[in-house]
1. Out of segment 485-503, which residues are touching a residue at least 40 places away in the same chain (Cβ under 8 Å), within 24 Å of Glu316 (Cα to Cα) and surrounded by fewer than 23 Cβ atoms within 10 Å (Cβ to Cβ)?
2. Between a first residue in segment 357-372 that is of a type in the set (Lys, Arg) and a second residue that is in a strand (DSSP E or B), which pairs have beta carbons less than 6 Å apart while being 6 or more apart in sequence or on different chains?
3. If a residue must be closer than 19 Å to Arg508 by Cα, of a type in the set (A, V, I, L, M, F, W, C) and surrounded by fewer than 19 Cβ atoms within 10 Å (Cβ to Cβ), how many such residues does segment 433-468 contain?
4. Would you point out the residue of segment 385-429, among those that are under 23 Å from the mean Cα position of the chain (by Cα) and of a type in the set (A, V, I, L, M), that is nearest to Ser80 (Cα to Cα)?
5. Kindly indicate the residue of segment 30-44 that is touching a helix residue (DSSP H, G or I) at 6+ places or on another chain (Cβ under 7 Å) and surrounded by fewer than 24 Cβ atoms within 10 Å (Cβ to Cβ) and also nearest to Leu365 (Cα to Cα) among those meeting that condition.
6. Consider Arg477 carefully, then state whether it is assigned to a helix (DSSP H, G or I) and of a type in the set (Lys, Arg).
7. Looking at segment 52-65, is at least one residue surrounded by fewer than 22 Cβ atoms within 10 Å (Cβ to Cβ) and more than 23 Å from Tyr194 (Cα to Cα)?
8. With the requirement that a residue be under 19 Å from Ser335 (Cα atoms) and not in a loop (DSSP other than H, G, I, E, B), what does segment 414-445 give you?
Amino acid sequence: MPDDFRDPNQWWVGQVLYQVYPRSYMDSDGDGVGDLRGVIERLEHLEWLGVRAVWLSPITVSPNADFGYDVGDYYDIDPSLGTLADLDALVAAADQRGMGVIMDLVPNHTSIEHPWFEASRSSRDNPKRDWYVWADPAADGGPPNNWVSLFGGSAWTLDEPTGQYYLHNFLDMQPDLNWWNEAVRDQFDRILRYWFDAGVSGFRIDVAHMVIKDRELRDNPLATDTDSFMEQFRGQRQEFNSNRPEVHEIHRRWREVAESYDPPKVLIGETFVERLEDLFPFFGDGGDELHLDFNIPFAHAPFDAATLADMIGRTEVAMPALGTPVWTGSNHDISRFPTRWAGGDPARARCALMMLLTLRGTTVLYQGDEIGMVDTDVPREELLDPVGIRFHPHAGRDAVRTPMQWENTPGGGFTAAEATPWLRFGDLDCNVTDQRDDPDSFLTLTRDLIALRHSTPDLATGAWSALAGPEGVLAYRRGDTTRVYLNLGATEARVEDGAGTIAVGTNRARDDETVFGSLTLAPAEGVVLTTG
């Protein structure tokens, strides 16, 4: 994968990263749960695709109340997924293939079973009491303020033996750490260095925007009918328990740690903000905070040309000079893009894929995106996700966490034929094996677009600019000689300035076609056009 035109100190720019949900990627020992050894077994697939780094959803020790996002030990691997030696082997094997390994960091909260919290709740005068957010009851004996958990209900739980409430912005089994405490900050400096020294290439940082809370624990303002859907659903705006200005001090501190390595380690923020304008401060005024921040408003945008053009254009205009946009359509928390954006229509899903892989910046694919996996219907009685159990059928994440579909056989190529996977399979007719040697498959399109990105400076690092196009067509230029046209409308569209050669089309029969002056696109058809 040519990198001659990339800055080695920003090795992630213009690259494609790949998210692995380890429990669902590859099961090496036949127990129905994916593991690190399984990821090693499938590295050939990722090298063949051309991805630059693998991001692993949480692999540290966890009681799995929230499947890894309730950390029991930041310094060891969960036994269900492997060992420290397995991670060492994965890092070494990935490095041999020119790939990095990115871990998930969960700094906002721990498990209720973490030794830090067990000490913290043991008494009010324990040295670790102030490692977590504790508060006295309100005058009526109820919670200290009106904050609500993102997983429903109050964000406070009373610890009767000590007579105080502890804060949990997620499950009551996930107590929030107190980031006003310097000892907590020091501890996480050590955690970052521990894994960086082990060869990890960076961190994706869970709810990076929420880490620090209002020191005075003031009530959040109530939502109004002009607020977002989620704010109205929660009944309040998260003004005091999320996106506080002091969080930027923490991000700058992490950046100093990451930049002390050569090459630098990458910091990717899960900045789950609802308004696009709230995204950009996380890069820092001088590019001194997080390297990459997920553009959640873009991922949640409707899949129509006008909306996407506006969202992409606003991102490009507001992006700090030293910032890099991040584009993703799926992850372990939100519906897969072939379902959410494309409604299960394979042609529209191909357009979405082409968009993701031709925008400026860094693209993150979620396991299964490369074959067009859709959400899996998991019956209520099989749900494991606490969000899905509580909010069914309105919300849930099991549908996007089902095992990777490697082949259409018993076990799906994921686990032993006789094993029961931890979550049911989706439609195994959609699988890697059947698509790998099919020149017209979704998988081949993914690989060819990534290869084009690697071989074309315009797509890797070139500037982005909007192009005029017919109604329903998302059109933009990359660099000097590359244009992308995506017809997201329901009718045929004609582009009048479409002269050039089709490098890759969602309709692969059009690859290498020479276009003279005008370009006709069928509904749900896209092309990458080159002129030089």
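The values are calculated or read from the model by the stated rules, or taken from the named source; none is laboratory data. Small disclaimer: the values here were computed from a predicted structure and weren't measured. Here Cβ is always computed from backbone atoms with ideal geometry, including for glycine, and neighbour counts include all displayed protein chains.
1. Across segment 485-503, the qualifying residue is only Gly489.
2. Arg360/Trp464
3. So the answer is 1.
4. Leu423
5. Among them, the one singled out is Leu43.
6. no
7. Scanning segment 52-65 turns up at least one residue that is surrounded by fewer than 22 Cβ atoms within 10 Å (Cβ to Cβ) and more than 23 Å from Tyr194 (Cα to Cα).
8. Hit for segment 414-445 is Phe442, nothing else.
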